[in-house]
Amino acid sequence: MYARIQKWGNSQAIRLPKGLLEVVAWHENDKVEINAEKDCLVIRRIQKRHRTIEERLAGFSGNYEGAEWDTGNAQGNEV
């Protein structure tokens, strides 16, 4: 498959054909990482994995005590 580098605003762009994206199961708005390796560009989809509660709290040490937070007097429709 061939493509052409084209001007897009002040940048350059390569359009990726729909069939190629279907082969790799990529979709619109997927985040990707682009790296240059020798004379190649390598594009990889970023696999964003949600962390478990255990992973999120692994670096926490100490006690947590919730407290009230004063945001001031009510204004406008809050009254």
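The values are calculated or read from the model by the stated rules, or taken from the named source; none is laboratory data. Keep in mind the model is a prediction, meaning the values are calculated, not measured. Here Cβ is always computed from backbone atoms with ideal geometry, including for glycine, and neighbour counts include all displayed protein chains.
Of the candidates Arg44, Arg56, Arg51, the single residue that is part of a loop (DSSP other than H, G, I, E, B) and either charged (D, E, K, R) or out of contact with any helix residue (DSSP H, G or I) (no Cβ under 8 Å at 6 or more places or on another chain) (or both) is Arg51. Contact annotation: residue pairs with Cβ atoms under 6 Å, 6 or more positions apart or on different chains, pairing a residue in segment 11-40 that is closer than 18 Å to Met1 by Cβ with a partner that is among the small types (Gly, Ala, Ser), are Ile14/Ala3. Restricting the search to segment 66-79, which residues are of a type in the set (S, T, N, Q) and either in a loop (DSSP other than H, G, I, E, B) or at pLDDT 85 or above (or both)? Listed by number, the residues that qualify are Thr71, Asn73, Gln75. Of Asn29, Asn35, Asn63, all but one fail to be surrounded by fewer than 10 Cβ atoms within 10 Å (Cβ to Cβ) and outside any loop (DSSP other than H, G, I, E, B); the exception is Asn35.
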